[in-house]
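Remarks on the structure that follows.
Every number in this text was worked out from the coordinates using simple rules, so none of it is lab data. Quantities reported herein were computed from a predicted structural model and do not represent experimental measurements. Here the Cβ is made from the backbone with ideal geometry for all residues, glycine too, and neighbour counts use every protein chain on show.
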Amino acid sequence: MSVKQSLRDLEQRVRLALVRPLRIKLAARKRAQAPGVFIGITGSSGKSSTTDLIAAVLRRKGSVTTQLMNNTINPLINTIRNSGKSDFVVVENGVGEKGVMKPMASLLQPDIAVVTMVGLEHYSAFRSSEAIAEEKGWLVESLRPEGLAVLNADDPLVMGMARRTSARVLTFGYSEDADCRIVKVEGGAPSGIVVTLSYRGQELVIPTKYAGHHFAASVAAATIVGMQLGVTVEDLRDAIGSCSPVVLRLSTHQIAGGPLIIADCAKAPLGTLHLAFDALRHVDAPRKRIVLGQVSDYIGSRMKAYRTAFGGALAVADELIFVTDRSRPERFLPRDDKGTQRFKHFLNTREAAEYLAATAMEGEVILLKGSQRFHLERILINFQQPVRCWEESCGRGGNCFSCGMASFDFQSHRPIARKRRRRRFLGKLFGRKIQEA
C-alpha cells in the first residue's frame, strides 16, 4: 500500500470515528429545533419518484427542502442542517447494507414515513426480501407517536411494518382495503399515464407525465401525504400533472425527427425489469426496441436470470440489443428463439449507439434498460449531441448527466473539473457567477 493510500485510509477512519459523530450530534440538535414537517420515503423501488412527487405537491402549500437520490447519512446530515425554517423537509432514505437505516431514521425522526415496496435490491448484502423489510422498517419504527405511516397495501412485507409503530397508518394500492385505492390506470408514453384514485369518498382523476403504470403507486402515496397536510385537490392534481419523471428513471426523451427514447438505466434489478417492459408494451409505435445492459440482484444462476430478462424483453420488443463484454450472449435467448433475427449483441455502449444512430426511424420507441455499469444513457446523449467520452471505467459515481462532460474526451475531464472548481470558488469569493467551460 502506498503512503498516499495509507493517508487516505487514516483520514477516512478519523472522519468515521470523530467527525461524523460530531456532525450527527449537531444535526440532531438542529432537527429538535426545526419547525417543519419531516417526511421520510424508502422502498426498494419508486422512492425517488415518490419523493419528487411529494415535494412537488407540498410546494403548493409551503416551502420545501428536498433530499433526492443522495439517500445516505451524510446527505441527510446536510439536509437537516440546511433545512432552516422550511415548512416541509422531504427526504429519500436508501440502504445498501445492514445497519444503515436505524441511525438515519433515528436522526430524521420522521413525522410521516412512506414505504413504497420491498424487493430484492442489494441481494448480496441482505440475501432475502424479509431482511430488506426488517432494515427499511426502521423508518416506520422511528415515527413520532403522533406521526403517520403511509404504506403499500399490496405488499405484505410493507404492511407488516405497521406492527412496528403506534402511529396512525394509511395505505395505498390496488387492494380493496386501501385507504387510497388505485381504481384505474390508462395511457402511457409519450403523453403519460392517467391515474384514477378513490380516496375518502372522492374519485380523483390525475393526469401525469409518467410512462409506466407502476408510477400509480407513487401518485397514490403523494396524494395521501398532500391531502393529509392540507393541499387542495386542484393543487394536488396540478402539481402531479406538472411533475416530470426523474431523469433515467423511465424518463421520456423525444428526439426531433427521430425516435422516442425511454431511459431507465439507473439500475436494473431482475425483479423489476417487467415494470419497464410493461411501459413499452403500452406504447403505440411502428417499432419498439430494447437496449439491455447489466442486470442485477437476482437469485440463482446468471443463465436463468438473463434468460428471464431476454424472454421478457422479446415479448414486447421488435428487437433486443444486448450490451455486454462477455462472449456468446445468444445462449441466454429463450429456447424457442435460437437464431432469432430480433437479437443484436454489442461489446460496448459505443457500438450500440453507433448502430442505433444508423438505424433509428422516426416514431419508433427505444427503451434503455440496465444498471449504471455500461452508461447506456450515452446512447440518449449521442442522439442529442456527439458523445466523446466512451470510457467504461471512468471512476465517477452517478450518471453522465450528473457528470456533464460526455461531450469532452475522457482525458480532459480532470483539467476541466479543476477549472470549473476554480471558477466556482472565484465566483463565491467575488460574489458573482463566472461562466464555466
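The figures follow:
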{"read-out": "Asp278 paired with Gln33, simple spin-label distance in nm, labels 7 Å along Cα-to-beta-carbon", "value": "4.7 nm"}
{"read-out": "Trypsin sites (Lys or Arg not before Pro) within the stretch 63-117, DSSP loop, no more than 11 other Cβ atoms inside 10 Å", "value": "Lys85"}
{"read-out": "Pairs of Cα atoms farther than 23 Å apart, the stretch 34-242, %", "value": "40 percent"}
{"read-out": "Residues Asp409, Asp87, sorted so that the one with the fewest Cβ neighbours within 10 Å comes first", "value": "Asp409, Asp87"}
{"read-out": "Quotient of Cα Rg and 2.2 N^0.38 Å for the stretch 53-134, N being how many residues it contains", "value": "1.18"}
{"read-out": "Relative exposure of Asp177, Asp238, judged by other C-beta atoms within 10 Å (fewest first)", "value": "Asp177, Asp238"}
{"read-out": "Candidates Cys389, Cys403, Cys265: whichever shows maximal mean-square fluctuation once the chain is modelled as a Gaussian network with Cα springs under 10 Å", "value": "Cys403"}
{"read-out": "Span from the the stretch 73-89 Cα centroid across to the the stretch 301-323 one, whole angstrom", "value": "42 Å"}
{"read-out": "Percentage of interatomic Cα-Cα distances in the stretch 251-391 larger than 28 Å", "value": "10 percent"}
{"read-out": "Sites matching trypsin sites (Lys or Arg not before Pro) across the stretch 110-179 that sit in DSSP coil, with at most 16 neighbouring C-beta atoms within 10 Å", "value": "Arg127"}
{"read-out": "Sites matching GluC sites (Glu not before Pro) across the stretch 137-220 that sit in DSSP coil, with at most 10 neighbouring C-beta atoms within 10 Å", "value": "Glu146, Glu176"}
{"read-out": "Projected label distance in nm at Ser327 and Asp238, using a 7 Å step from Cα toward the beta-carbon", "value": "6.3 nm"}
{"read-out": "Highest-MSF residue in the chain out of Val19, Val247, Val91 [GNM, Cα springs under 10 Å]", "value": "Val19"}
{"read-out": "Residues Val19 and Gln385, FRET efficiency given R0 of 56 Å [Cβ-Cβ distance, rounded to 0.05]", "value": "0.85"}
{"read-out": "Members of Lys47/Lys369; Lys102/Lys209; Lys85/Lys369; Lys102/Lys184; Lys267/Lys304 lying beyond 30 Å, as alpha-carbon distances in this model show", "value": "Lys102/Lys209; Lys85/Lys369; Lys102/Lys184"}
{"read-out": "Residue order, fewest to most beta carbons within 10 Å, for Thr116, Thr272, Thr196", "value": "Thr196, Thr272, Thr116"}
{"read-out": "Cβ-derived FRET efficiency at R0 35 Å, Ala315 paired with Glu354, nearest 0.05", "value": "0.85"}
{"read-out": "For the chain, projected area of the alpha-carbon convex hull averaged over all directions, nm²", "value": "23.6 nm²"}
